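Input: a single structure, listed below in structure tokens.
The values are calculated or read from the model by the stated rules, or taken from the named source; none is laboratory data. Being a predicted model, the structure only gives us computed values, none of them experimental. All Cβ positions, even for glycine, are placed from backbone atoms using ideal geometry, and neighbour counts span all protein chains on display.
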Amino acid sequence: MGTSMSKTNRPTYYTIRETAWILGIEQARVSRAIRLGTLRAVSRNGRVRVPSSVLTRLLGQPEGSGGAR
């Protein structure tokens, strides 16, 4: 996979497919949220990617926690 990794060994950007899987929703809903501007995404190497910081904030986890609470 062409996803770049951060120091914590987590991807810094997620594809639409990965984002949908993480959120437990359909890919079409992720695409629609990006299109409507309710989910921030960027273009990386000509492909749409969702920054991990956006998902972290959306899921309500502190960025430095790595998911452990």
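Going residue by residue through the stretch 53-66, is there one that turns out to be basic (K, R), part of a helix (DSSP H, G or I), within 18 Å of Y13 (Cβ to Cβ) and at pLDDT below 95?
Going through the stretch 53-66, the residues basic (K, R) turn out to be 57.
If we keep only those that are part of a helix (DSSP H, G or I) as well, we get 57.
Subsequent filtering for residues that are within 18 Å of Y13 (Cβ to Cβ) retains 57.
Going one step further and asking which of them are at pLDDT below 95, we end up with 57.
Yes, that holds for at least one residue.
Pick out the one residue from R40, R29 that is in a helix (DSSP H, G or I), at pLDDT 95 or above and either surrounded by fewer than 10 Cβ atoms within 10 Å (Cβ to Cβ) or basic (K, R) (or both).
Numbers: R40 fails: in a helix (DSSP H, G or I).
The match here is R29.
Scanning the stretch 34-49 for residues that are among the β-branched types (V, I, T) and touching a residue at least 12 places away in the same chain (Cβ under 8 Å) gives I34, V42, V48. Looking at this structure, is E18 at pLDDT 95 or above and not hydroxyl-bearing (S, T, Y)? Yes: the conditions hold for E18. Going through (1) within 17 Å of R10 (Cα to Cα); (2) at pLDDT below 95 one by one, G46 falls short only on (1).
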